[in-house]
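Following: one structure in structure tokens, then a few remarks.
The values are calculated or read from the model by the stated rules, or taken from the named source; none is laboratory data. Remember, it's a predicted structure, so these values are computed and weren't measured experimentally. For neighbour counting, all protein chains shown are included, and Cβ atoms are generated from backbone atoms with ideal geometry for every residue, glycine included. To get the accessible areas, we keep the full protein, side chains included, count just its heavy atoms, and leave off ligands, DNA and RNA. Shrake-Rupley method; radii C 1.70, N 1.55, O 1.52, S 1.80 Å.
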2 protein chains.
Amino acid sequence: MCIVGIKVIQQGVGYLGKKAIELMLRKNIEVVAAIGHQSHIGEDIGKLAGLGEVGVKVTNDVQKVLENVKADVVSNCTGTTLLGVYEHIKPFIEAGINVVTMAEEFGYPWYRAPKLSKEIHTNAKANNVTVVGTGLNPGFSWDFIPIAYISACWRVDKIKARRVTDWSKTSPRRALLRFGKKPEEFRKGVVEGKIPLHTGFYECMHLLADSLNWKLDKIVVTWEMAVSKSFREAEFVTVQPGTTVGFKQVATGIVGGEARIVLELCPFVHPNLDEDGVESGETIWIEGEPSFTITTKWAPVEDGTPLCTVARLVNTLQSAIEAESGLLAVTDLPLTKTVRIREVVK
Amino acid sequence: MCIVGIKVIQQGVGYLGKKAIELMLRKNIEVVAAIGHQSHIGEDIGKLAGLGEVGVKVTNDVQKVLENVKADVVSNCTGTTLLGVYEHIKPFIEAGINVVTMAEEFGYPWYRAPKLSKEIHTNAKANNVTVVGTGLNPGFSWDFIPIAYISACWRVDKIKARRVTDWSKTSPRRALLRFGKKPEEFRKGVVEGKIPLHTGFYECMHLLADSLNWKLDKIVVTWEMAVSKSFREAEFVTVQPGTTVGFKQVATGIVGGEARIVLELCPFVHPNLDEDGVESGETIWIEGEPSFTITTKWAPVEDGTPLCTVARLVNTLQSAIEAESGLLAVTDLPLTKTVRIREVVK
């Protein structure tokens, strides 16, 4: 990705925010300010990211940042919800600074929150900035990538995607909450909202449906748990036989009673084809003219999912700066910008 | 893909041009004129595409078309070269009509023809139109798709892609030229330019390199033939043992002596893993952080490659209309346009 001479404000210095700073510094992107919460205030962002000191310190004073630095874009890692994150990014929008956020609900906010989406869009337009949500899911595996592929199709009848993630090394907090639980305990936890499952199905579903010009009658999201027959040991959790080793969430987009889009997420600890019926990786099945099957194997990488989410965020910054103003979807942005074109223009 | 109310001029009514007309009519895209050569003049484009009559007849009178119809975009299928196709599309550019072409050399013309690229760019800008080349290869498998994937990477070290195509049902003319030949006959044919191999490696290579901000020292393209051990029968050609059943072209993009981008094309008649070492399908290996492997299996489809090329062309029309003016690369265009956004804007 070509990122030259852009100035970024990092908003949010939690786990993902720190990773975003690390990636930007490694890519020689100028991080001119970082907004964080109490615990990190005054810390140097380079050190916070595990690199050398860079002379920029975390602050919680947005107003001061706006007065003292010039920036092209905000890299936002402060939450998930449209309303919550909009409150965080609003001062930047109104100061004329573009925003890229990894908040899931920004992936496709128009359906679930048309009124607020319109407000954000109007505000972004009025201030001549782009606001766009990106990430891995929504923002990549289940929308961006299949939409890239269907551009080679004459006709699409159905899209199915399955993403099986290995949680043996990832996110201790969530892993401990979800896995190694007695079935009744897991069920109760989910029902009571204490065990978080994946959100973001609706955003992917709507991005896909819109790209295909399909009007979905309904989206149904279900979950089921997987109970282990074997003992499995992971970095942050131990799974005894008879306890939860994974779960499966299925989102079905229905048109005229027919399941036209089916998205399956299967987080497992050491997923195992024989026992679990799934193995780590992603598959997309596109049925149409022609039909094709796309299988992606990721090399095992610690915290792969969050790292790729951060990459999507950072790699979208330049496109967001150059894009038309308004609240956009990631599919409205160009894949990248061809450097040579600019050289020709000069 | 969302294509609503656009008016298209089809330029070129050969095999691919006819397919483009067929796809546009099937998608209810309004084809307002078709420019063709002598043999099809006066024929109804619907009938030409194997569908019902639509009341638009093929003409070779570009001037008359420009005087009589209003169009948003030209769908160009008249050739491969930058210079040749530019001559064909120039009147449309100068009449203020956007152009999408499947000419391979438009995939990334800036490197091989910087002067002419600049001229086309300037002309397009002056007339406020977009000119863009698209297709499958260049335009999809080896540039668009891997560039989509690397947006989820922290770092990319190397990209390798292999595309193995089954020619058992495709393009009788080329199949007869290439396969079932004695080795010395094949070699002579290639050297003398009578047996056409694939062009388009340079365009893919440069699109990839630019997206990664890599400066390639050199691109080397080689070929080797594959001689069959077995008897293979295809729709348009019979391969005896000891004659050519396929070939392999390898393009290597070199940085500091290191092969950083390797693109392999392997057209075979009934490719067979045991004998040929390759099987039908596409694989992309991205080495970096993270590394991943993407395998695509296409359902067998008659003439799959040209059909997908046509789909890329038709599915790019709307983006080209909405894009900024100038000579663009396909990576400069958005993946698609999110319909909902427009509804919000209203």
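Of all residues in region B:256-305, which are touching a helix residue (DSSP H, G or I) at 6+ places or on another chain (Cβ under 6 Å) and open to solvent by 20 Å² or more (accessible area, probe 1.4 Å)?
B:279, B:298
Mind telling me which of the residues B:160, B:125 ends up being over 18 Å from the mean Cα position of the chain (by Cα), assigned by TED's automatic domain parsing to the domain that holds residue B:210 and open to solvent by 50 Å² or more (accessible area, probe 1.4 Å)?
Values: B:125 fails: assigned by TED's automatic domain parsing to the domain that holds residue B:210.
That would be B:160, the only listed residue that is over 18 Å from the mean Cα position of the chain (by Cα), assigned by TED's automatic domain parsing to the domain that holds residue B:210 and open to solvent by 50 Å² or more (accessible area, probe 1.4 Å).
Scan region A:144-157 for residues that are more than 19 Å from residue A:307 (Cβ to Cβ), open to solvent by less than 60 Å² (accessible area, probe 1.4 Å) and touching a helix residue (DSSP H, G or I) at 6+ places or on another chain (Cβ under 8 Å) and jot them down. Write out each step before concluding.
So the first thing to find is which residues in region A:144-157 are more than 19 Å from residue A:307 (Cβ to Cβ), and the list is A:146-157.
With the extra rule that they be open to solvent by less than 60 Å² (accessible area, probe 1.4 Å), the set shrinks to A:146-154, A:156-157.
Of everything in region A:144-157, those that are more than 19 Å from residue A:307 (Cβ to Cβ), open to solvent by less than 60 Å² (accessible area, probe 1.4 Å) and touching a helix residue (DSSP H, G or I) at 6+ places or on another chain (Cβ under 8 Å) turn out to be A:146, A:147, A:148, A:149, A:150, A:151, A:152, A:153, A:154, A:156.
Specify the residue that is farthest from residue B:163 (Cα to Cα); the eligible residues are those in region B:237-249 that are in a strand (DSSP E or B) and open to solvent by less than 20 Å² (accessible area, probe 1.4 Å).
Looking at the filtered set, the residue picked out is B:239.
Would you pick out the residues in region B:133-180 that are part of a strand (DSSP E or B), touching a Gly at 6+ places or on another chain (Cβ under 9 Å) and over 20 Å from residue B:299 (Cβ atoms)?
Keep residues of region B:133-180 that are part of a strand (DSSP E or B), which gives B:133, B:155-166.
From what's left, touching a Gly at 6+ places or on another chain (Cβ under 9 Å): B:133, B:155-159, B:162-166.
Those that are part of a strand (DSSP E or B), touching a Gly at 6+ places or on another chain (Cβ under 9 Å) and over 20 Å from residue B:299 (Cβ atoms): B:133, B:155, B:156, B:157, B:158, B:159.
Within region A:147-166, can you find the residues that are at the interface with chain B (Cβ under 10 Å from one of its Cβ atoms) and of a type outside the set (D, E, K, R)?
Looking only at region A:147-166, we keep the residues that are at the interface with chain B (Cβ under 10 Å from one of its Cβ atoms), and these are A:147-156.
The answer is A:147, A:148, A:149, A:150, A:151, A:152, A:153, A:154, A:156.
Could you please give the count of residues in region B:1-24 that are in a helix (DSSP H, G or I) and either within 12 Å of chain A (Cβ to nearest Cβ) or in contact (Cβ under 8 Å) with a residue 60 or more places away in the chain (or both)? Before the answer, list the steps.
Step one: list which residues in region B:1-24 are in a helix (DSSP H, G or I), which gives B:15-24.
Those left that are additionally either within 12 Å of chain A (Cβ to nearest Cβ) or in contact (Cβ under 8 Å) with a residue 60 or more places away in the chain (or both): B:15-17, B:19-20, B:22-24.
So the count comes out to 8.
When region A:1-31 is examined, which residues are found to be open to solvent by less than 30 Å² (accessible area, probe 1.4 Å) and within 18 Å of residue A:96 (Cα to Cα)?
Hits for region A:1-31 are A:6, A:8, A:9, A:10, A:11, A:31.
May I ask you to list pairs of residues, at least six apart or on different chains, whose Cβ atoms are under 6 Å apart, with the first in region A:247-258 being charged (D, E, K, R) and the second being open to solvent by less than 30 Å² (accessible area, probe 1.4 Å) and assigned to a strand (DSSP E or B)?
Within 6 Å, the pairs are A:248/A:266.
Just one of (1) within 14 Å of chain B (Cβ to nearest Cβ); (2) surrounded by 20 or more Cβ atoms within 10 Å (Cβ to Cβ) trips up residue A:169, so point out which.
Condition not satisfied by residue A:169: (2).
Any residue in region B:63-89 that's among the small types (Gly, Ala, Ser): show its pairings with residues that are assigned to a loop (DSSP other than H, G, I, E, B) at Cβ separation under 8 Å, as long as the two are six or more apart or on different chains.
B:71/B:97; B:79/B:12; B:79/B:103; B:84/B:78; B:84/B:103
Would you say residue A:36 is more than 30 Å from residue B:149 (Cα to Cα), buried (at least 22 other Cβ atoms within 10 Å of the Cβ) and not assigned by TED's automatic domain parsing to the domain that holds residue A:219?
For residue A:36, the condition - more than 30 Å from residue B:149 (Cα to Cα), buried (at least 22 other Cβ atoms within 10 Å of the Cβ) and not assigned by TED's automatic domain parsing to the domain that holds residue A:219 - is met.
Taking region A:187-236 as the region of interest, how many residues are outside any strand (DSSP E or B), surrounded by 22 or more Cβ atoms within 10 Å (Cβ to Cβ) and away from chain B (no Cβ under 14 Å)?
Result for region A:187-236: 3.
Any idea how many residues of region A:111-146 are within 12 Å of another protein chain (Cβ to nearest Cβ) and without any contact (Cβ under 8 Å) to a residue 60 or more places away in the chain?
7
Could you list, in sequence order, all residues of region B:259-288 that are acidic (Asp, Glu) and in contact with a strand residue (DSSP E or B) (Cβ under 8 Å, 6 or more places away or on another chain)? Working first, answer last.
From region B:259-288, those acidic (Asp, Glu) are B:264, B:274-276, B:279, B:282, B:287; that's our starting set.
Answer for region B:259-288, where residues must be acidic (Asp, Glu) and in contact with a strand residue (DSSP E or B) (Cβ under 8 Å, 6 or more places away or on another chain): B:264, B:276, B:279, B:282, B:287.
Scan region B:25-55 for residues that are among the basic types (Lys, Arg) and in contact (Cβ under 8 Å) with a residue 12 or more places away in the chain and report the count. Step through it out loud before you land on a result.
Taking region B:25-55 and keeping what is among the basic types (Lys, Arg), we get B:26-27, B:47.
Still in the list and also in contact (Cβ under 8 Å) with a residue 12 or more places away in the chain: B:26-27.
Total meeting the criteria: 2.
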